[in-house]
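Data first, discussion second: the structure below is written as structure tokens.
Laboratory data are not the source of any read-out in this text; all were calculated from the coordinates shown. In this text, all values refer to a predicted model and were calculated from it rather than measured experimentally. Don't worry about glycine lacking a Cβ; one is built from the backbone with ideal geometry, like all the others, and counts go over all protein chains shown.
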């Protein structure tokens, strides 16, 4: 089948490359000429493990193309995916749908024959209805169906998630569209992947509900971690004890400095706004948003506590800046709250991240960026782990101790055992553990 993918950001590029690897002919389209030229030359504008090889393979084998002009690809397409950004709108937290609606306008003028227009971007309930109105107003003669097909890709594991997903959700009310979507995802039937067909509005809400629930789960264990510190319990053992209950499950029960990234912050906020507008407020999610925002801002206090409350004139080494490992994504990363808070307390910050330094330079001021973890530790009065990259899990702690001015380690991801670190002569702080 022929696929046009509007948008070559994280979702569009990963989805386009994976559809091409399924055997479909895919053209990824973007207005950014520089990005398209870079992709044509073999460059990848985002960091995602394995994506460079997947793109290179499918370009070489003639299934994956890149273009700035959508006309030819849309006219040939059986399905046109809208995979553009839907950031939080400044001022009110609603999803900014301007890019989605602009894409719909462009697609409308290019349709030729029956075409399925698929919303891959995360959008509020009712967006598909608006897209249909936009296209119908511009092209009353067009044969098309608008479908919701939300993505559930984890940054750092996106290719695996696309090819071996827990489920595929498709919202539609057109049998011709159902046949097209079934054929697009036919390779997944070999893995017996559940394909959940729903109404379009239900599909749109499934995406928000899923992200909100996971954000709530993270926030829940973070609050339990605070309680553990107050009563002398161990949050990791609590998480294991409840996670073995199959009704709860162990995923998203790792206590830390709060959630960030491209999805949870904006999607929880958008769901709150949608629910409020509908007269059906989601109080649990409202609280989740508030608690998470406060938590990220409070994490610098843990560092201060480990340094006896005095950061003035001290040097703090930071390991990890991205919101999670295996990505270069800095959107709503906890480091964006923690680092400025440390600086406001008088600390000088030196930091290292394996992939996020380029983005971090645009977002953090007066930070000295280092080339590796040991350089970040050198001369530091405290070392703080914010992101749990694998290379931080097995540091040469004797070397780290020799490099530091004072042996203080604040582990905001609980990747080390307290007794092991203290046995090495470190003052150690972590989350939800004595």
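Tell me what the chain gives for mean residue ellipticity at 222 nm when only DSSP H runs of n ≥ 4 count, each as -39,500 (n - 2.57), the sum divided by the residue total, rounded to 500 deg cm²/dmol.
Details: 18 runs with 193 residues, N = 434.
For the chain, the value works out to -13500 deg cm²/dmol.
Rounded to the nearest 0.05, the FRET efficiency derived from the C-beta distance between residue 105 and residue 291 at R0 = 30 Å is 0.15. Spin-label pair residue 186-residue 114: with each label point 7 Å from Cα along the Cα-Cβ axis, the two points sit 1.6 nm from one another. Put a dot 7 Å past the Cα of residue 427, heading toward its Cβ, do the same for residue 98, and the two dots end up 4.9 nm apart.
With axes computed from alpha carbons, what is the tilt in degrees of helix 127-138 against the longest principal axis of the chain, rounded to the nearest 10 within 0 to 90? Here the helix axis deviates by roughly 40 degrees.
In nm, what is the difference between 0.36 nm times the number of residues separating residue 56 and residue 143 and their Cα-Cα distance?
27.9 nm
The residues 173, 21, 305, when put in order of fewest to most other Cβ atoms within 10 Å, stand as 305, 173, 21.
Pull out a ≥ b ≥ c, the square roots of the eigenvalues of the alpha-carbon gyration tensor of region 2-198, then state rounded if a/c is under 1.5, prolate if not and a/b is larger than b/c, and oblate in the remaining case. Rounded shape, in that the Cα axes give a/c under 1.5.
Legend: calculated FRET efficiency, residue 130 to residue 368, from the Cβ-Cβ distance at R0 = 35 Å, rounded to 0.05, equals 0.15.
The largest-to-smallest principal axis extents of the Cα set in region 182-329 are 61, 38, 33 Å.
Summary value for region 31-154: 21 percent relative contact order, contacts being C-alpha pairs under 8 angstrom separated by 6+ residues.
Arranged from fewest to most other beta-carbon atoms within 10 Å of their beta carbon, 387, 193 become 193, 387. Determine the relative contact order of the chain: mean sequence separation of Cα pairs under 8 Å and six or more apart, normalised by residue count, in whole percent. It comes to 12 percent, rounded to a whole number. Distance from the C-alpha centroid of region 296-320 to that of region 353-396: 14 Å, rounded to the whole angstrom.
If you rank 323, 264 by fewest surrounding Cβ atoms within 10 Å, what's the result?
On the way: 323 27, 264 24.
Least to most surrounded, the residues fall as 264, 323.
Beta bridges per DSSP, both residues in region 2-198: antiparallel share near 5 percent. Spin-label model, residue 233 to residue 76: label points 7 Å out along the Cα-to-beta-carbon direction sit 6.0 nm apart.
Eigen-decomposition of the gyration tensor built on the alpha-carbon atoms of the chain gives equivalent ellipsoid semi-axes of 43, 24, 19 angstrom, largest listed first. If R0 is 45 Å, the Cβ-Cβ spacing of residue 40 and residue 308 corresponds to a FRET efficiency of close to 0.20.
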